[in-house]
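Data block below; observations after.
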Amino acid sequence: MAIGTSLNKLTKEFYTQDVLTVAKELLGKSFCKVNEDGTFLSGKIVEVEAYNKINDEAAHSFKGVTKRNEVMFMGGGHLYIYFIYGMYFCANVITGYQDSGSAVLIRGIEPLTGIDAMGTNRFGHSDLSKKEFNNLTNGPGKICLAYNLSKNNNGENLLSDRIFISDAQNISSQKIVVTTRIGIKKSVELPWRFFIKDNPFVSGK
């Protein structure tokens, strides 16, 4: 049996919910990847940001479908990977129904399993110092490096057994911090960034 089939993967119904609902409920869930050699990578999602084509100029989907953002219109349960600053990839979870143009950026993950492989992907070695471990997946670009995610993974179905999100603990509302999003210049007033309070793998305060 494949690893993915033995875990409590999130269903299509989860991903077709409203983007803000999905964003908050992703906190505490496990982002998982099974490598071709069978290595299993997983980590707890601790920080996210929501993006929606309606009234959100920071969303890639705001001006409609393009070759770059077409995955955002495929409907909930797909992985949207894009390239920024000429050097980093970012992973997003598509939400809603077809043509919704909404996504959740995964900004911070707490590593759980496959840490040696993540370290090798990110730093070129598995014997991580405390500083390297603390900086392993505390940012969207770092996450893609650690999980070895690239444009080749753009559009992947999160219902598969290769890359998926496993249902795990629910985070109480008292432990969820809500702020405006960071690293953007448009629609900066929207309070659509959510993270787990005091978690060391949150990318920025």
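Evaluation of residue 66 against the conditions (1) more than 25 Å from residue 189 (Cα to Cα); (2) assigned to a loop (DSSP other than H, G, I, E, B); (3) at pLDDT 95 or above shows that the sole unmet condition is (3). On the stretch given as region 84-99, residues that are surrounded by 15 or more Cβ atoms within 10 Å (Cβ to Cβ), out of contact with any Pro (no Cβ under 6 Å at 6 or more places or on another chain) and either modelled with pLDDT under 95 or not in a loop (DSSP other than H, G, I, E, B) (or both) total 7. Here 28, 38, 43 are screened, and the one residue that is within 16 Å of the chain's Cα centre (by Cα), within 24 Å of residue 148 (Cβ to Cβ) and in a loop (DSSP other than H, G, I, E, B) is 28. State whether the residues of region 107-127 include one that is in a strand (DSSP E or B), touching a residue at least 40 places away in the same chain (Cβ under 8 Å) and among the aliphatic types (A, V, I, L, M). Yes, that holds for at least one residue. Based on this model, can you work out whether residue 189 counts as acidic (Asp, Glu), in contact with a helix residue (DSSP H, G or I) (Cβ under 9 Å, 6 or more places away or on another chain) and over 24 Å from residue 7 (Cα atoms)? The answer is no for residue 189.
In summary, strands (runs of 3 or more DSSP E) completely within region 143-205 and bearing 3 or more residues that are surrounded by fewer than 19 Cβ atoms within 10 Å (Cβ to Cβ) and among the β-branched types (Val, Ile, Thr) occur at 176-179.
Pairing residues of region 60-84 that are touching a residue at least 24 places away in the same chain (Cβ under 8 Å) with residues that are surrounded by fewer than 18 Cβ atoms within 10 Å (Cβ to Cβ) and assigned to a strand (DSSP E or B), at Cβ distances under 7 Å and at least 6 apart in sequence or on separate chains, gives 77/157; 78/157. Just to be sure, is residue 75 in contact with a strand residue (DSSP E or B) (Cβ under 8 Å, 6 or more places away or on another chain) and part of a loop (DSSP other than H, G, I, E, B)? Yes, satisfied. In region 72-83, the qualifying residues are those that are surrounded by fewer than 21 Cβ atoms within 10 Å (Cβ to Cβ) and touching a Phe, Trp or Tyr at 6+ places or on another chain (Cβ under 6 Å), and the one that is nearest to residue 23 (Cα to Cα) is 75. Among the conditions (1) without any contact (Cβ under 8 Å) to a residue 12 or more places away in the chain; (2) exposed (fewer than 12 other Cβ atoms within 10 Å of the Cβ); (3) in a loop (DSSP other than H, G, I, E, B), the only one that residue 131 does not satisfy is (3). Taken together, the residues in region 162-203 that are at positive phi, without any contact (Cβ under 8 Å) to a residue 60 or more places away in the chain and not charged (D, E, K, R) amount to 1.
So is residue 159 farther than 15 Å from residue 43 by Cβ and modelled with pLDDT of 95 or more or not? Criteria met by residue 159.
The values are calculated or read from the model by the stated rules, or taken from the named source; none is laboratory data. Predicted model only: the values in this text are computed from it and were never measured. Cβ atoms come from the backbone with ideal geometry, glycine included; neighbour counts cover every protein chain shown.
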